[in-house]
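I have placed the structure first, in the form of structure tokens, so that the comments after it can refer back to it.
The values are calculated or read from the model by the stated rules, or taken from the named source; none is laboratory data. Only a predicted model underlies this, so the values are computations on that prediction, with no experimental measurement involved. Here the Cβ positions follow ideal geometry from the backbone for every residue, glycine too, while neighbour counts run over all protein chains shown.
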Amino acid sequence: MSWDDRELALLRELWSLGHSATHIARRLGCSRNAVCGLLTRLDLKRGHKPSTAKPQIRSAPKRKPPLSAACARAAGKKVSKPLEKPQPKELSKRQLYAMLAEAVRNTG
């Protein structure tokens, strides 16, 4: 798109008044990207607004240590016994070979 002096003057005026690139594009009858590209080439920028938020840094409140979740007092004795794992049964070579032979017959 070629820009004539009248369109450039209107673009500069609308931009300085704070209109958006979309609004300017509608007024000029072109795309928003064309307006943004020309604004970039003309080095027209808007001043950034200062942030309105003024964060304050506060210290974290001190917390009391939590009590035990189960009960407030310590348990007097251990209630449960550790589980005894059964030891695997020892098998002889003859029993192992018999189990292997049976497994081979079942898979065949």
*Going by the conditions given, is GLY18 at pLDDT 90 or above and of a type in the set (Gly, Ala, Ser)?*
no
*Consider ASP43 against the criteria (1) at pLDDT 90 or above; (2) exposed (fewer than 10 other Cβ atoms within 10 Å of the Cβ); (3) of a type in the set (D, E, K, R): it satisfies all of them except one. Which criterion is unmet?*
(1)
